[in-house]
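Structure, as structure tokens:
The values are calculated or read from the model by the stated rules, or taken from the named source; none is laboratory data. This is a predicted model, so every value here is computed, not measured. For neighbour counting, all protein chains shown are included, and Cβ atoms are generated from backbone atoms with ideal geometry for every residue, glycine included.
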Amino acid sequence: MTDQPERPMKEAMKRGWRRRCPCCGSGPMLSGYLKVRDTCAVCGEELHHHRADDGPAYVTIVIVGHLMAPLLLWSFMKFEPDPWILSTIFAVGCVSLSLYLLPRLKGVFVAIQWAKRMHGFGQPANV
């Protein structure tokens with residue numbers, strides 16, 4: 001594995017964030033909301049090796065929690081709204097932010113695995 005050239009991590013992560021193939025950057029990585037394609041439609045790179053599992057969901061929860069919890073406390077102390085109004089607004093905000101982040105973070109996880117040649121991404125196609 002040491003004789004193979006390094007893959008660009010930052011570029012792959014940017015492509016993953018855009019939900020594009022980490023190899024070519026132009027083919028779509030996802031075939032649905034979270035379903036990763038088996039191969040890239042443009043360059044033919046195999047993407048079925050990924051093992052994202054619960055990583056993207058965990059990171060999404062951490063980001064949303066760290067952004068929304070202080071904002072919730074600040075808005076409650078500053079504006080003193082009715083609790084039902086506050087909970088409705090923040091429930092919609094949390095769900096919206098989670099739905100936005102989840103597929104992008106899954107793309108980043110798959111791109112990192114591709115760049116580091118993890119879980120079979122570094123093997124030749126014939127093996």
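Of note:
- Some residue of the stretch 78-100 being surrounded by 15 or more Cβ atoms within 10 Å (Cβ to Cβ), assigned to a loop (DSSP other than H, G, I, E, B) and in contact with a Ser or Thr (Cβ under 7 Å, 6 or more places away or on another chain): no
- One residue stands out in the stretch 68-127 among those that are more than 21 Å from the chain's Cα centre (by Cα) and β-branched (Val, Ile, Thr): the one that is modelled with the lowest pLDDT, namely VAL127.
- Of all residues making up the stretch 15-51, the number that are on the phi < 0 side of the Ramachandran plot and touching a residue at least 24 places away in the same chain (Cβ under 8 Å): 19
- Meets criteria (in a helix (DSSP H, G or I), of a type outside the set (Ser, Thr, Tyr), crowded, with 16+ Cβ neighbours inside 10 Å and in contact (Cβ under 8 Å) with a residue 24 or more places away in the chain) for GLY107: yes
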